[in-house]
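For reference, the structure discussed in these notes is given below.
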Amino acid sequence: MRSITPHLTSEFYNNGITAKNVASNNAYDVSTYSELRRIIAKLSYANKDYILFFRGQKNDYKNKTGKSSFYPSIYRGEPLSSEELRFRWDKLHSASKLLVESIANKKFIAKTLKRKKLIQWSILQHYGSAEISGW
């Protein structure tokens, strides 16, 4: 199996952002939608072996060392008991199943969605499991 290595583009390197310091660096500001599209296109082209996911956060969640944390909300909050974490994962899996079932008549989308849990989870993260599952 070949090795897959992520790549940043020149915009990031020119601003001192590397793969090792990306979480501790300041945010990379983008001023226009056109600029955002161009940067995403370059990142996508440089990382053909990856599915790129983008998410916004209202806050820059930092860990104990002051680095940005990109954990999904399923892990956030006070220290979680194993029961609470199991409950959250069960809820996520139930919502994923409902999402796939709700688009079953869309052949191409359903096929892709059934195989890619990360895509299911990103949709649920973005739209909220309550809106997909009726919770």
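Here, each number is a calculation from the coordinates, and none is a lab measurement. Remember, predicted model here, so these are calculated numbers, not experimental data. Neighbour counts are summed over all protein chains in view; Cβ atoms, including those assigned to glycine, are modelled from backbone coordinates with ideal geometry.
Side notes on the structure shown:
- Neighbour cut-off at most 15 other Cβ (10 Å), DSSP loop, chymotrypsin sites (Phe, Trp or Tyr not before Pro), the range 9-118: Y28, Y50, F53, F54, Y61, F70
- For the range 1-89, the spread of Cα coordinates along the three principal axes comes to 43, 36, 25 Å, biggest extent given first.
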